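Written below as structure tokens is the structure these notes are about.
The values are calculated or read from the model by the stated rules, or taken from the named source; none is laboratory data. Note that the coordinates shown come from a computational prediction; the quantities given were computed from them, not determined experimentally. Here the Cβ positions follow ideal geometry from the backbone for every residue, glycine too, while neighbour counts run over all protein chains shown.
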Ligand SMILES: N[C@@H](CCC(=O)N[C@@H](CS)C(=O)NCC(=O)O)C(=O)O
């Protein structure tokens, strides 16, 4: 990790929102890589002007690097962090193309269904359970199948795909916890529990004010 002087005055700044799954994946990679950064928790209804000046599209996470470069996509932040240091081999445990394909499936197809399942009142054309079934068919059954072959999505060890996707599966599970705890996705439920109860995950979910 020799590319930057990361003394406290010269650290990257991460604009983040604690529960946002994209921001969670960025924080997971930054912490795993051991990159120190200044965390700025953002109120999504009142985004700070300095963040919008750096990144007018107005989504979190945004990472401002010490050299002024701005990374405005969560996956770019993950890949930048892991290019600094990858002590757990998230980029090497599985082929990059395979990992990126799964992440793309998550971001393009699963995420819109997750939003519909979570907020069915905003999408009244179908019942909540239909969105849930579509999310199962589109992605969750595939992930579960993969986990029957190895302990993580692409290999026995966790990789970029696991860490980029787990915050979204966590959100899905939280919509109807009772249903999730009884559903057929046994391997996926086990995977979710293992990853979200890790020290790493708990550390990035700590409340910014320490409470
Ligand atoms: N493609 C972006 C998506 C980020 C995103 O949509 N973040 C949401 C929060 S989970 C956001 O900031 N939405 C803007 C808003 O709610 O105003 C990324 O990967 O970073």
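Okay, here's what the table says:
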item: Residues that are in contact with a helix residue (DSSP H, G or I) (Cβ under 6 Å, 6 or more places away or on another chain), touching a residue at least 24 places away in the same chain (Cβ under 8 Å) and surrounded by fewer than 19 Cβ atoms within 10 Å (Cβ to Cβ), drawn from segment 118-143; result: 118, 138
item: Residue tally, condition within 12 Å of the ligand (Cβ to nearest atom) and part of a strand (DSSP E or B), over segment 16-51; result: 3
item: Pair list, Cβ < 6 Å and 6+ apart or interchain, from segment 26-38 residues that are farther than 18 Å from residue 162 by Cα to residues that are part of a helix (DSSP H, G or I); result: 35/81; 35/84; 37/30
item: Tally, over segment 52-97, of residues that are assigned to a loop (DSSP other than H, G, I, E, B), within 15 Å of the ligand (Cβ to nearest atom) and either in the same structural domain as residue 161 (by TED's automatic domain parsing) or closer than 30 Å to residue 152 by Cα (or both); result: 5
